[in-house]
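Only one structure is covered here, and it is reproduced in the block below.
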Amino acid sequence: MPIDVVAAAHDLVPALSERARQFDEGDIFVADNYALLKKAGLASAGVPLELGGGGADIAELAEMLRIMARACGSTALAFAMHTHQVAIPAWRWRHQKVAAVEPLLKRVAAENLILLSSGGSDWIGGSGKAEKVEGGYRITARKVFTSGAAAGDILMTGAITCAEDGSEKVIHFGVPMRAPEVSVMDNWRTLGMRGTGSNDVVIEGLFIPDASVAFSRAAGHWHPVFQIIATVAFPLIYAVYLGVAESARDIALEIAKKKPTSETVLNLAGRMDTALRAAQMAHRAMIEEVGRNSPSAESVNEVMIGRSLVASHGLEVVELAMELAGGSSFYRDKGLERRFRDMQAARFHPLQAGPQAQYAGAMALGLPIDTIF
């Protein structure tokens, strides 16, 4: 039956808020929160109803993540990585009638599986080595920024192999996280988003059968599947950063209302709300773009422009929030400095500022974008 993911997220806010500081200060993965999310049915929320899931669409999933992020950025960001890995095959099943994704989606719903992604290793360039052997490939790789690695069941990833013509290809496949050839490092010690557990995953000699390769593509070049990934995933991921910025704004206003009103206070509050509104409008445009259901170079451009605007204006919001709140914002118990630190991670997802500007510039000038990432 359908899941009201927005209501479920609201119900979880008190528990997520209560635990957030503990996870942040101890560099502790938000495993306890994952248990709550799974119990609420949110792990399969994006799976189509016909395949046993909750049937939530991208806009609903984004709103779910935004609400969660207001309480705990780490929980929302880590879960966004699972959520988009479900949303992408669900989109392909709904809009492209791709039957090959059905078994995975059915397993997510039936087994409450958690899917992982490695944004730091598995972008357009690819990473890791896939050695061709009889019947398949032998994989050796180290996948960084694998959020929620300790809770994951399958890592959706890829590795580079040499084609017969000497060119490099990236093959894509799922890695069972319980395989003996797979290990999770304990190296996530960071400025912000400390509870995401985005540890490196090391793969040493894992055999992937030919039949388990979902698709292959040229390394370092945009592929139609990656146009789908970029269009669908980033409105979800950046819903998290919007939620972080919104919560920073609310905390700062609560503190500021206890101070004498002055021209400076009014100016800072007004600039903060203006920046937040810009981030909200940019994110709304991202949701509208994915809602057109037409992934392309053009949709990637629109979504990535939105991604940069949410990031830049969100960063402006948390900076102004700190200034508006004044010296008290420096204390951890206010929760504002955590939002400030968590927001810094918005800088690092693709397309980062330089490549995004180059991509947009090439689109504007009618130049090739195939190798801009």
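Computed quantities for the displayed model
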quantity	calculated
For the chain, with +1 on Lys and Arg beta carbons and -1 on Asp and Glu, the positive-most of M185, G136, V265 along the dipole	V265
Spatially proximal lysines relative to K334 (Cα-Cα < 22 Å; intrachain offsets below 8 disregarded)	K257, K258, K259
Rg(Cα) / (2.2 N^0.38 Å) computed for the chain, rounded to two decimals	0.99
Those lysines that a straight Cα-Cα span of less than 20 Å connects to K129, excepting residues fewer than 8 apart in one chain	K143, K169
Span from the the range 132-202 Cα centroid across to the the range 302-342 one, whole angstrom	31
The range 165-305: C-alpha gyration tensor shape, a/c 1.5 cut-off, then a/b vs b/c	oblate
Hz values of 3J(HN,Hα) by residue in the range 342-358 - Karplus curve (6.51, -1.76, 1.60), Gly and Pro given as x	4, 5, 4, 5, 4, 6, 9, 6, x, 6, 5, 3, x, x, 5, 5, 5
Value of relative contact order over the chain, rounded to a whole percent, pairs C-alpha under 8 Å and six or more apart	17
Structure-based [θ]222 nm, the chain - -39500 (n - 2.57) summed over DSSP H runs of at least 4, per residue, nearest 500	-17500 deg cm²/dmol
Electrostatic dipole magnitude of the range 74-191 [Cβ: Lys, Arg +1; Asp, Glu -1; Cα centre; debye, to 20]	280
Cα-Cα separations in the range 1-52 greater than 19 Å, expressed as whole percent	35
Surface accessible to a 1.4 Å probe, K129 within the full protein complex, Å²	120
Solvent-accessible surface (1.4 angstrom probe) belonging to M363, in square angstrom, nearest 10	50
For the range 300-317, 3J(HN,Hα) per residue [Karplus equation, 6.51 cos²θ - 1.76 cosθ + 1.60, θ = phi - 60°, Hz, x = Gly/Pro]	4, 4, 5, 5, 6, 4, x, 4, 5, 6, 4, 5, 5, 6, x, 5, 5, 4
Average accessible surface area per residue within the chain, 1.4 Å rolling probe, Å²	42
Check: the chain dipole with +1 on Lys, Arg Cβ and -1 on Asp, Glu Cβ, in debye	440
Portion, in percent, of the accessible area of the chain that falls on carbon or sulfur, probe 1.4 Å	54
Other-chain or far-sequence residues with amide H under 5 Å of F215's (modelled H)	H172
Per-selection Rg to Rh, the range 118-242 - Cα, Kirkwood hydrodynamic radius	0.98
Cα gyration tensor category, rounded, prolate or oblate, for the range 177-227 with a/c compared to 1.5	oblate
Compactness of the range 276-316, expressed as Rg and Dmax over alpha-carbon positions, Å	10.2, 32
Mean Cα-pair separation over length for the range 86-224, i.e. relative contact order, pairs under 8 Å, 6 or more apart, %	25
W222 accessible area, 1.4 Å probe, all protein chains in place, Å² to nearest 10	20
For peptides 74-87, 301-314, 25-38, sequence by mean Cβ density within 10 Å, most packed first	74-87, 301-314, 25-38
Taking the range 1-110 and dividing mean pair separation by its residue count, relative contact order in percent (alpha carbons under 8 Å, at least six apart)	33
Cα gyration tensor category, rounded, prolate or oblate, for the range 24-151 with a/c compared to 1.5	oblate
Options F173, Q356, F226, ranked by Cα towards positive dipole end of the chain, top entry (Cβ charges)	Q356
Hydrodynamic radius of the range 245-348 per Kirkwood, over alpha carbon pairs, in Å	14.5
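The values are calculated or read from the model by the stated rules, or taken from the named source; none is laboratory data. Just so it is clear, the model here is predicted, and its values are computed rather than measured. With ideal geometry, Cβ positions are generated from the backbone for all residues, glycine too; neighbour counts draw on all protein chains shown. Remember, those area values only see protein heavy atoms, side chains included, never the ligands or the DNA or RNA. Shrake-Rupley method; radii C 1.70, N 1.55, O 1.52, S 1.80 Å.
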